[in-house]
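I have placed the structure first, in the form of structure tokens, so that the comments after it can refer back to it.
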Amino acid sequence: MRDQLGLLFLRTNRWADAMENFEDAVTVQKGLIQASSGTSEDRELLISLLISQAKTYSANKKPDAALGALIEARELAERLNSAFPSTDRYRDLTATLLESEADQIQSDPNRAAEARGLLERALSIRESLVAGSPREPDYLEKLAETCGRLADSWLDAKSFDQAEDYQRKEVSYQSRLHKEYPGVRAFRFGRGRALHNLADFLRQRGRVEEALALEREAVELLSSVYHENVLDEAYRRAVSYAYWMLAALEIDRKDHRAAAEAVSSYLAIEPNGFEEAREAAGFLCRCIVLCREDQGIPAAERESLARACSDRAIAALQTAVRYGFRDLNGLTASRTYDPLRGRPEFARVVHDVEAIVEALKDR
């Protein structure tokens, strides 16, 4: 009964009430196990209660208590795993709890190495699960996600070789899932995100051509997922990041035509605020500069292309203002918009933002 009440309070965000009920439920379940030695099912239930208790502790800003509950749950899972080594769900549960424990401590820089150690232990378990059940997609998906977690951890530690190694492993596992289950949208999405993350990493390392090939593939996958469900916020965000990265990479390569094309696709994503329009304006301003520097095309064509990019940049800024862009200082001081400063339309955008900012001051 207490666990059901706790779950009800969890669903309604009544964290203090949920915590109290799960504390009681854990105490009762421990008492039952102690009185009767307890079956494996009883211990599984206690693990589940401890996990829920940890969630309520975290919600009530009791991180040490949350960590303690997770450690207790993990130790119980490890004992079940030792008693029933052929039961895959106990190994899977142990790996999940190791990851949860790592999540709980990784924000502390002094414990980052400890968190990675927990993730490495989880990885070893997940690798053994995949080796034993290679056709089980859930195990392979979780293995890919663990590699992604380790990549992020090594990246935070600025250990770039290790980070790249784990990112490539994640891409490999996600690609395998997509190949074996081509009709599963979640696996297409997972592969697209993994490719994008690796491309982002490579761009930051200055390896633009490698990154570009990966990002083009990521865009294709994430765009297809997004267009199948344009209302999904995770899909929208992922494809937005991917097109942003594609435009940035084309700018890095000084390919203004390809960059402008990527910006068009970027702007076609259903907007969520002014960010896409503002970023698109910035990209197009850089395209103007690159276009005017491009000696590979005739001067008249350069100016025509530059004018077209300028028109689109102005339109993007106007859209950004409609959706809430109010950065007057950025418009007037940032060199990003220098290619637009001679146009009266840009002056009107600045004037409109000035008027909005002044009106907001008077409220």
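Observations on the structure shown:
- Sorting 245, 19 by accessible area puts them as 19, 245; the probe is 1.4 Å, largest comes first, and only protein heavy atoms count.
- Computed on the Cα atoms alone, the convex hull of region 142-189 gives a volume of 55 cubic angstrom per residue.
- Inter-part distance where region 253-318 and region 177-245 are each reduced to a Cα centre, Å: 22 Å
- Å² per residue, accessible surface of region 103-216 at 1.4 Å: 49 Å²
- Taking 37 °C and 0.692 mPa s as conditions, region 261-317 diffuses translationally at an estimated 281 µm²/s according to Stokes-Einstein applied to its Kirkwood radius (Cα pairs).
- Expressed as a whole percent, the accessible surface of the chain that belongs to carbon and sulfur atoms is 49, based on a 1.4 Å probe.
- Rounded to 10°, Cα long-axis angle of helix 185-204 versus longest principal axis of the chain: 60 degrees
- Cubic angstrom per residue, convex hull over Cα atoms of region 170-231: 73 Å³
- Its residue count N fixes a reference of 2.2 N^0.38 Å for region 77-117, and the Cα radius of gyration divided by that reference is 1.37.
- Residues 118, 267, sorted by accessible area with the largest first, give 267, 118 [1.4 Å probe; ligands and nucleic acids excluded].
- Å² of accessible area per residue within region 291-363, as computed with a 1.4 Å probe and no ligands counted: 61 Å²
- For the listed peptides 128-139, 57-68, 188-199, a ranking on the average number of other beta carbons within 10 Å per residue, highest first, reads 188-199, 57-68, 128-139.
- 222 nm mean residue ellipticity, helices alone, for the chain (DSSP H n ≥ 4; -39,500 (n - 2.57); rounded to 500): -27500 deg cm²/dmol
- Three-way shape call for region 216-336 based on the alpha-carbon gyration tensor, with the a/c threshold at 1.5: oblate
- In order through region 20-35: 3J(HN,Hα) via Karplus (6.51 cos²θ - 1.76 cosθ + 1.60), integer Hz, x for Gly, Pro: 4, 5, 6, 4, 5, 4, 5, 4, 5, 5, 4, x, 5, 5, 5, 6
- Farthest positive-ward along region 157-208 dipole, Cα basis, beta-carbon charges - from 184, 173, 195: 184
- Scalar couplings 3J(HN,Hα) for region 302-310, obtained by applying the Karplus form with A = 6.51, B = -1.76, C = 1.60 to θ = phi - 60°, are 4, 5, 5, 5, 5, 5, 5, 5, 5 Hz; x denotes Gly and Pro.
- Per principal axis, descending, Cα span of region 202-268 in whole Å: 34, 22, 15
- With N as its number of residues, region 70-225 has a Cα radius of gyration that, divided by 2.2 N^0.38 Å, comes to 1.10.
- Fraction in percent of alpha-carbon pairs per bin - 10 Å, the chain: 5, 18, 22, 22, 17, 10, 5, 1, 0
- Relative to the longest principal axis of the Cα atoms of the chain, the long axis of helix 40-59 lies at roughly 40 degrees.
- Our coupling estimate for region 150-163, obtained by passing each phi through the Karplus curve with A = 6.51, B = -1.76, C = 1.60 and θ = phi - 60°, is 5, 4, 4, 5, 5, 5, 4, 7, 6, 9, 6, 5, 5, 4 Hz, Gly and Pro reported as x.
- Rg/Rh (Cα only; Kirkwood hydrodynamic radius) as it applies to region 277-363: 1.05
- The chain - percent relative contact order, Cα under 8 Å, separation 6 or more: 7 percent
- Convex hull (Cα only) mean projected area of region 1-154, reported in nm² to one decimal: 9.6 nm²
The values are calculated or read from the model by the stated rules, or taken from the named source; none is laboratory data. Since the structure is predicted, the reported quantities are computational estimates derived from the model, not experimental observations. Note: ideal-geometry Cβ built from the backbone for every residue, glycine included; neighbour counts use all protein chains shown. For accessibility, only protein heavy atoms count, side chains too; no ligands or nucleic acids. Shrake-Rupley method; radii C 1.70, N 1.55, O 1.52, S 1.80 Å.
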